[in-house]
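Structure, as structure tokens:
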Amino acid sequence: MRALSFFRRSPLRRSRRNEPFGTFSFASFCSDNADAPQGSRLKIFDRQLKRKQRDRAAWLMRQKDSLLDTVAENLLDRLEDCKKTFPTALCLGGSLEAIRRSLHGCGSIEKLIMMDASHEMVQLCKNAEEESPNDNIETTFVVGDEEFLPVKESSVDLVISCLGLHWTNDLPGAMIQAKLALKPDGLFLAAILGGETLKELRIACTVAQMEREGGISPRVSPLAQVRDAGNLLTRAGFTLPGVDVDEYTVKYESALDLIEHLRAMGETNALLQRNNILKRDTALATAAIYDSMFAAEDGSVPATFQVIYMTGWREHPSQQKAKRRGSATISFQDIQKQFGSQS
Amino acid sequence: MVRMSKALLQKAGPLGKTLTEILVCPLSKQPLRYCEETNSLISDAIGVSFPIKNGIPSLVPTDGKILEEEDTSKPEDTANSSARYDENRGRNS
């Protein structure tokens, strides 16, 4: 019934590209924020800057972006696996437009609410909707922040987030709010970028900075690891959690094309602790190192994008669950006697 | 007066029925009220107004403007709008 399932690992086939993560930055964040008054409110990303970057991305965005389209289709494909229908759906920031154009009636959505923190991005979707409306779907638009979800409790059947949540400072908090917005038995579907994303770029940046500046600063943001995704779902209180991972390798003509694509996706560096100055020779050295370390024989440079897909349900009595401990009436030894000889 | 503000709420301004039903204040998660005069959504619980641009409500906390008590009762029709404000407060609390 709700057999969305998991743990498959399909090593790439398509090409696209993606975004940054920089593990090396973590230690400094922790110490720098230790005395911040908010305590657990660790601020890693500059959300205001991210809004501006997404405003700009709305103008740079390509009509068709194969990476975003593939991720959106893969995510929406999961709806086909459910018998349940989702009359009201909330689509959170990230690749909004890719989700909208990939919907094709998945999950019999009747009302779609699209939300992003960037007004330009929402406006872009609204214009696109006016040009090529999705049949039978009443689409509405809101500008809102995933960390402060302006949605009434138990009001939507489905929450989709396509490549947006990795920019939240408080990912567990955002997921808890998404869970609260869901009706009982509602589905949460999210795609986030994982820690393997842009590993080539991270290496090239580090080497170039060491060489030219004698030290490193975070250029690629810290991203969740696969094992974190499952913990996040459980911590947010979703039932029947599922996580799976896909890796896409996108080929670019040069490292500079990669950066252009990141800009068009609004996925450029928005770390609070970023170094605001990027020296020209460091940038060129990064491109050169990227090229010499990772270029393929045909001269193209690959970039890895790891996408973690998460599914979780809001709890409902109709869902299957484990029986109480100690409630079993048959011993495992008996089971082994019955079936053990076959194995 | 009661009928009038009810009508205001039902009409729900430029936002469709769906949004009116679903949107709440992002900070307090309390209901929002549409204000025709300023074309904004007002959260009475925390006294903040959120703008509506081009038919798209903007509910990012940093876009909200804190309302001064005086602002809710515009000088032109002080009695009228402050009464409406009080009523809505009563209903929401």
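On average, how many beta carbons from a partner chain sit within 10 Å of the beta carbon of a residue in B:53-65?
Details: counts 4, 5, 4, 12, 7, 8, 10, 14, 5, 6, 6, 1, 0.
What the average comes to for B:53-65 is 6.
For the full complex of protein chains and a 1.4 angstrom probe, list A:Asp46, A:Asp298 by accessible area with the highest value first. Kindly include the intermediate steps, with their values, before the conclusion.
Numbers: A:Asp46 35, A:Asp298 110 Å².
Of A:Asp46, A:Asp298, the descending order of accessible area is A:Asp298, A:Asp46.
Per-residue 3J(HN,Hα) values for segment A:295-307, derived from phi via the Karplus relation 6.51 cos²θ - 1.76 cosθ + 1.60 with θ = phi - 60°, read 4, 7, 5, 7, x, 7, 10, x, 10, 8, 10, 9, 10 Hz in sequence order (x marks Gly and Pro). Using a Gaussian network model of chain A in which every pair of alpha carbons under 10 angstrom is joined by a spring, one finds that among A:Ser327, A:Ser108, A:Ser300 the greatest mean-square fluctuation is at A:Ser327. Each Lys and Arg contributes +1 and each Asp and Glu -1, all at the Cβ; summed about the Cα centre of chain A, the dipole is approximately 1040 debye. Farthest toward the positive end of the dipole of segment A:200-343, out of A:Gln333, A:Val250, A:Gly214, is the Cα of A:Gln333, where the dipole comes from beta carbon charges about the Cα centre.
Can you tell me which of A:155-162, A:50-57, A:194-201, A:256-263 comes out highest on packing, and rank the rest after it, using the mean Cβ neighbours within 10 Å?
Values: A:155-162: 25.2, A:50-57: 20.5, A:194-201: 22.6, A:256-263: 18.5.
Highest to lowest by the protection proxy: A:155-162, A:194-201, A:50-57, A:256-263.
Straightening the chain between A:Asp185 and A:Ser327 buys 48.5 nm, computed as 0.36 nm per residue apart minus the Cα-Cα spacing. Each of A:Ala287, A:Ile203, A:Leu90 was placed along the dipole of chain A (beta-carbon charges, centred on the mean Cα), and the one lying farthest toward the positive end is A:Leu90. Highest GNM mean-square fluctuation among A:Glu146, A:Glu120, A:Glu267, for chain A modelled with Cα contacts below 10 Å: A:Glu120. Full extension of the chain between A:Ala283 and A:Glu253 gives 9.2 nm of extra length, using 0.36 nm per residue less the Cα-Cα distance. Rounded to the nearest Hz, the phi-derived 3J(HN,Hα) couplings of segment A:108-121 under the Karplus curve 6.51 cos²θ - 1.76 cosθ + 1.60 (θ = phi - 60°) are 5, 6, 9, 10, 10, 10, 9, 10, 8, 7, 9, 5, 4, 5, where x marks glycine and proline. Here the Gaussian network model covers chain A, with springs between Cα atoms less than 10 Å apart; of A:Met115, A:Met61, A:Met210, A:Met210 fluctuates the most. If you take the beta carbon distance between A:Gln63 and A:Gln336 as r and set R0 to 56 Å, what does 1/(1 + (r/R0)^6) give as a FRET efficiency, to the nearest 0.05? Given R0 = 56 Å and the Cβ-Cβ separation, E is 0.40.
Just the number, please: carbon plus sulfur as a percent of the accessible area of segment A:168-308, 1.4 Å probe, no ligands or DNA/RNA counted. Intermediate results must be reported in sequence, preceding the final value.
On the way: 2950 of 5600 Å².
Roughly 53 percent, rounded to a whole number.
Take every pair of alpha-carbon atoms less than 8 Å apart whose residues are at least six positions apart; their mean separation over the length of segment A:3-342 yields a relative contact order of 27 percent.
Suppose R0 equals 41 Å; then what is the FRET efficiency for A:Ala296 and A:Glu138 from their Cβ-Cβ distance, rounded to the nearest 0.05? Intermediate values should be presented prior to the final figure.
Numbers: r = 46 Å, r/R0 = 1.13.
Efficiency, rounded to the nearest 0.05: 0.30.
With each label modelled as a point 7 angstrom along the Cα→C-beta vector, the A:Glu153-A:Glu260 pair spans 5.0 nm. Computed from phi, the 3J(HN,Hα) profile of segment A:134-147 under the Karplus parametrisation 6.51, -1.76, 1.60 (θ = phi - 60°) reads 6, 4, 6, 10, 8, 9, 10, 10, 9, 9, x, 10, 4, 6 Hz, with x in place of Gly and Pro. Working from label points 7 Å from Cα in the Cα-to-Cβ sense, the A:Arg235 to A:Ile203 distance is 3.0 nm.
What percent do you get for the relative contact order of segment A:88-201 when only Cα pairs under 8 Å and 6+ apart count? Present the calculation step by step, with values, prior to reporting the outcome.
Working: 196 pairs, mean separation 33.2, N = 114.
The normalised contact order for segment A:88-201 reaches 29 percent.
Take every DSSP beta bridge with both residues inside chain A and express the antiparallel ones as a percent of the total, to the nearest 5. That works out to approximately 45 percent antiparallel.
The values are calculated or read from the model by the stated rules, or taken from the named source; none is laboratory data. Note that the structure is predicted; figures quoted are calculated from it, not measured. We place every Cβ from the backbone using ideal geometry, glycine too, and count neighbours over all the protein chains shown. Each accessible area value is taken on the protein alone, full model and side chains, heavy atoms only, with ligands, DNA and RNA left out. Shrake-Rupley method; radii C 1.70, N 1.55, O 1.52, S 1.80 Å.
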